[in-house]
Every structure is written in structure tokens, then in C-alpha cells.
1. Does Leu42 satisfy being more than 28 Å from Tyr163 (Cβ to Cβ) and at pLDDT below 80?
2. Is it the case that Gly222 is in contact with a Leu (Cβ under 9 Å, 6 or more places away or on another chain), farther than 28 Å from Asn67 by Cα and open to solvent by less than 90 Å² (accessible area, probe 1.4 Å)?
3. Taking segment 52-91 on its own, how many of its residues are at pLDDT below 80 and of a type in the set (Val, Ile, Thr)?
Amino acid sequence: MTSLWEEPIAGRIQTQNTGFILFMVCFLILIYQVSRNSKLLLAMKGKLLGNRNQTVSAGIFTGQFLNILLFCIQTVLLTSIILYCKAVSEGISQMESSSEMFAFLGVTSLLLGLFIACKYLTYSFTGYIFFDKETNQLWNDTFSSAICVSGVILFFPALILFYTEQIDAYGVYFVLLYFIFIQTVLLYRQFVLFFNKKGGLIYFILYLCALEIIPLFLLYKGFVYFFNIAKG
């Protein structure tokens, strides 16, 4: 009887140790970025808040592809961990299995990575055709800033959700409210940059349907399909 209980407990400890390694990597990336690239983070905040000082911002964003990529990877990983915690609380996945956790994080990270990459390529293509180069670049920087800043904001909520099950609902609500907030900021920035002229509201609604709602719906269907497979 004892052996039946020891295996899940041992597996849970192993899963938490693996999670500790993932969080340690994210923490080291965060410390490195904050200490070495504080100006980049401030520029990202300025992009989200509508900073029009493009002369300074453009210089800061130039040559920062690796740093922005690190932030994006961290955001994808932390979001995947949050989804994993939610899947565990709903009984879709098991906390005792490290291999199942890696499989879950791998698939969700792949889906999120493809979603972000497709959004960025779609924004760039649409902006190249319909808008001027400067405005399009400003929006791409704003979108990248939102992804990167999320890698900083989501660290502690993901950490707390992974190790503290008692506040699972509150943590999920906080993350959900944060994503709603950041999406609202992005929609506002899109409207100001591209559709603030008279009659632009109609085009803005069409733009939302084509480039915002449909991709989110496809991502949602992808997660639902994956969760059904994992649960079944």
C-alpha cells in the first residue's frame, strides 16, 4: 500500500524540481535583461503607452533582435506553464508526470509560438500593403513590446500558480485580466495608428475580424483539440 502512494509523491517532487529549473532559467534571463537592457524595457513601455519619441525608440530597438527573442521565448514558456497549471486543476493533465508536463509545455509553446509568428508576419504584410512604412514599423515595435513586457509581468503569477494550488482561481483571474488589459491597449494603439480618421471605425471592425478575432478563434480551437486529446 505504501508503494502505491510513494510513486505519485515522488513524481510530483520531480515535476516541481523540473519546474524549478525552468523558472530559474526564466529568472536568470529576466535579471540579465533588466540589468543590461533597462533602456530597452523603458522603450517598450513607451511604445505601449503611445510614446511618440520615435527618434530615441528606433535607435534602441535597432539590433535588439536577440534580446527581443529571449523575451518572447520567456513569454511563451510562462504562458504555457500557466496553461499547464490550469490543465492540472481541471484534471486534464497530471502533476505527477514530468514527461507529460514536458509534452504539454512543448505542444502549447509550439501553438503559441506559431500564433505569435503568424500574427507578426500578417501585421507586416498588411502594413506593407495598406500603410506607410514608418507607421507599420511603429506598430510592429508596439506588438513586440507587448509580447516582451508580458515575459516580465507573468513571471511571478506563473511561479505562484505552479507551487501554490490554494490560490489557483485568483491567479488565473489575474492572468486573464492582464491579457484582457494588454489586448485592450493593443486595440487602442491600432485604432490610433491606423484608423483614427473619419470613417475609419468601419475599416477597424473589418480589420479586427480578419486579423484579431479569426486568429484567436483558431488558437482557441487548437487548444481545445489538444486538451481533448490530453484528457481522452
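1. yes
2. yes
3. Matching residues across segment 52-91 total 4.
The values are calculated or read from the model by the stated rules, or taken from the named source; none is laboratory data. These numbers were taken from a predicted model, which means no experiment stands behind them. All Cβ positions, even for glycine, are placed from backbone atoms using ideal geometry, and neighbour counts span all protein chains on display. For the accessible areas, the whole protein counts, side chains as well, though only heavy atoms, and no ligand, DNA or RNA atoms are used. Shrake-Rupley method; radii C 1.70, N 1.55, O 1.52, S 1.80 Å.
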